[in-house]
1. Please report the orientation-averaged projected area of the stretch 725-764, defined via the convex hull of its C-alpha atoms, in nm².
2. If packing is taken as the mean number of other Cβ atoms within 10 Å per residue, what is the order of 196-209, 15-28, highest first?
3. Could you give the length gained by full extension between residue 487 and residue 284, i.e. 0.36 nm per residue of separation minus their alpha carbon distance, to one decimal place?
4. Summarise the accessible area of the stretch 578-649 (1.4 Å probe, protein heavy atoms) by the percent that is carbon and sulfur.
5. Once you have the Cα-Cα distance between residue 184 and residue 721, take 0.36 nm times their residue separation minus that, and quote the gain in nm to one decimal.
6. State the Cα centre-to-centre distance between the stretch 109-138 and the stretch 489-550 in whole Å.
7. Which FRET efficiency value, to the nearest 0.05, do you get for residue 659 and residue 365 by plugging their Cβ-Cβ distance into 1/(1 + (r/R0)^6) with R0 = 56 Å?
8. Give me the accessible area per residue for the chain, probe 1.4 Å, as a whole number in Å².
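The values are calculated or read from the model by the stated rules, or taken from the named source; none is laboratory data. Keep in mind that what you see is a predicted model, and the values were worked out from it rather than measured. Cβ sites come from the backbone with ideal geometry, for glycine too, and all protein chains shown count toward neighbours. Surface areas here come from the heavy atoms of the whole protein model, side chains and all, with no ligands, DNA or RNA. Shrake-Rupley method; radii C 1.70, N 1.55, O 1.52, S 1.80 Å.
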Amino acid sequence: MFRRPLIPILLAFIGGILIAHFLPPYVEKPVLFLFLAISFLLLSILFVPPRLMPGSLLGVFFLTGILLTPGPTLDSKLASLARTRTSVTLQGVVTGPMKMTPGEMARLRVHVTGICRGRVIAPVSEDVQLTVYGDLPRLAPGEKIRFPARLRPFRNFKNPGGYDYETAMKVKGISCAAYVSDGRRIVPMGPGELPFPLGAVERLRTPLRHFFASQLGPRGSALYRALILGERQGISPELREPFNRTGLGHILAVSGLHIGLVAWISFFLFKGIMGRFYGLTLRVDIRKLAAVLTCIPIIGYTLLAGFQISSQRAMIMALVFLGSLVLGREREVWSTLALAGLIILFLNPHALFGISFQLSFAAVIGILWLTPVFLSILPPQFNVRGPDRTPFHTLMVYFAGLIAVTLSATLFLLPITSAYFHRIPLVSVPANLTAVPILALWVIPSGLLCAATYPLSPLIAGAFLHLGARGLHIMTAMIQFWADLSWASIRVITPNLFEIGLFYLLLWSVRRFRKTRWARLSLAALLMVLCVDITYWIHRVGFNADLQVTFLDVGKGNAALVEFPKGEKMVIDGGGFSSGSFDVGEMVVAPFLWQAKILDVDYLVLSHPQSDHMNGLRFLAKTFDPKEFWYNGDKVDTPSFEELMEILDAKGIRKLGPSQLKKGRWINGARVEVLHPFPAGETPPEERDGKWLNNHSLVLRITYSGTSFLFPGDLEEEGENALVARAKERLRSHILLSPHHGSNTSSSTPFLKRVAPRLCVVSSGEGNPHFPHKAVLNRLDKMGCRVIQTARSGAVQVAAGPNRRNVRTYGDQPGNGLFDP
């Protein structure tokens, strides 16, 4: 405790944050009690024996963490209005550039200063994420606007393994989402006042933003805006993918790497210049003076990059490390890191749950802890000193150090990056070796020199910018080379918290293997635990005895995973949205599969080619290597459908329609029947509207061990009548996926009587006034059918087999328990 007191203090503070964060919403935080308890512990430090002082101090920081962390019940004005889905007129200032997305849609961040109610403007000071549809206006940062908007709370998809979008927005300081259906309803009101220091920062960034756009092409401008201004709005998914495949996605966000590079270059530049003045070296410690001067470019770069959360965090870390050098405590790197973490979490406790915070600190921990191990195994040729050291030796040491740092950070981050990004970049080391030096010594210095000289001479600034653009072109070409390798990265399953902890314990045991007997015993025990964990998941995924169906929460859409006995997998529909760049398959369905330790899917099924059932299947077809694709045979002239067909053809996936599936299929004891459409159905009309596509949905019935599931797609009443007339008694099913998301045009009384379900799952978006319709819920209630809505319950998991029948849900609506068909 007394050797490095900041480390246990930081851990105590983190413990308090975790307690406050996971408090149930109905528990009110006892603020007065916490304040009195902290005061008592502070006073007790003056009187308690020295051996009890550490406990009192840790208690102070633990309770302070609870006190400073906003609890789940703490609300803002806009968040309260968003929960009731209120439409209001807001007034505020645009704080960043617009991000254009496919389908005539744009997103931007707005600092709201007032809620307009008639002639009265109620003051507020909160940020919203504004989405604008159609007739997009050209709005620049710093522009004051007034707009009518529908407010909505941020909502997670309630599936295991899903991304915590709500917490991510909370970390960014955004209260809620706001939607404007027509961009013409936004009223520009001239220049506005941004909160400090954003106003001063924007005056620096606006001319540079236009200068980059005028001097470089769209690709170069987007990359330089990301690297220098911290603006990633212009980075398309296609441009980002090579960086992600090579493990260099962090390059596109101004964070620890960028701030650290600027600090490193600035420090040695200042130190080298001052070292040439002999008199100065006699009067002052030029290392400490260089550290003080280095603070200037660090703070300047952070401001230029928009003073965003990731760059703020990196700035604090860099300043704390420089401060330790000034104080002569540079060897206390662990305490310095703990102090940086304490400052960051004190300013924003929710930062603990941000991906960038976790990655930044874990990377530094890995570098500090593992780099000495990798460097210790270098051959003696790398330790040449004095006059025998040649430039070649210096270059070898540099690249050896870069390899050691890259390996240390990559290895230590492995479970975290696997959990968040579900991939391991196998080319991370060579990609870093070739890209980072160019970024550090060419691209970023040229960009910053361009920014520094632009107010003095745009001509000189242009020369620096074009010089940097050449380096940027070479760097991206190298990244693309590594990304194009077929084995550049592999997709991996998501480790759970137990497995992440197991990994770090194994890493500790391996590192201490030669030093202590306990480490060797621990390693043996941990390897046994790892074998048990692997055996459990192999049996769970590949040798399960039951049929398990999981209806996923994908908003207004359908997606279901069917796990057949003995391991075969089928995904029926993939969800999706008709507009925007959000890929439900990649962001919702695939993370659920990875957390379930599923890397391959045997069958993909598309009920009918509409976006809320189809769009998510594109990513699944590319990533999960399905053997067969089942669909109703309908073809539509949309980019999404054409892309899906191209993926299926490119990967050689067999496509099967109703005629090939008319006899059904036995899959490991489960009977799969195609009930609709009949192979000899009516000739499709030339103009096929949404209603026709709905009524032509592929309908599956799956039966195992006396329990049946019915998947009717988006059948409406006309299609239901045809199905009832043809299938008759074969429609009888215990579990029904509500047709057309519970619409009143579906779930007709004759259809429901014929199916006679005991459990009905409704897959529809939260807060939708039409889905599910009250009349449908009433009809089901009269039949004594239990209804579970994925919008409230989250994923609904139904298991059926010889030994069990039960239902499990993952959201707010109760649904766990036995199921008696």
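1. Details: hull surface 11.1 nm².
Average of the hull's projected areas for the stretch 725-764 equals 2.8 nm².
2. Result, highest mean first: 196-209, 15-28.
3. Numbers: separation 203, 0.36 × 203 = 73.08 nm, distance 5.35 nm.
Contour length minus the Cα-Cα distance gives 67.7 nm.
4. Answer for the stretch 578-649: carbon and sulfur cover 44 percent of the accessible area.
5. Length gained, residue 184 through residue 721: 188.9 nm.
6. Taking the Cα centre of each part, the stretch 109-138 and the stretch 489-550 sit 49 Å apart.
7. E(calc), rounded to 0.05, equals 0.40.
8. Numbers: 38750 Å² over 821 residues.
With the other protein chains kept in place, the chain gives 47 Å² per residue.
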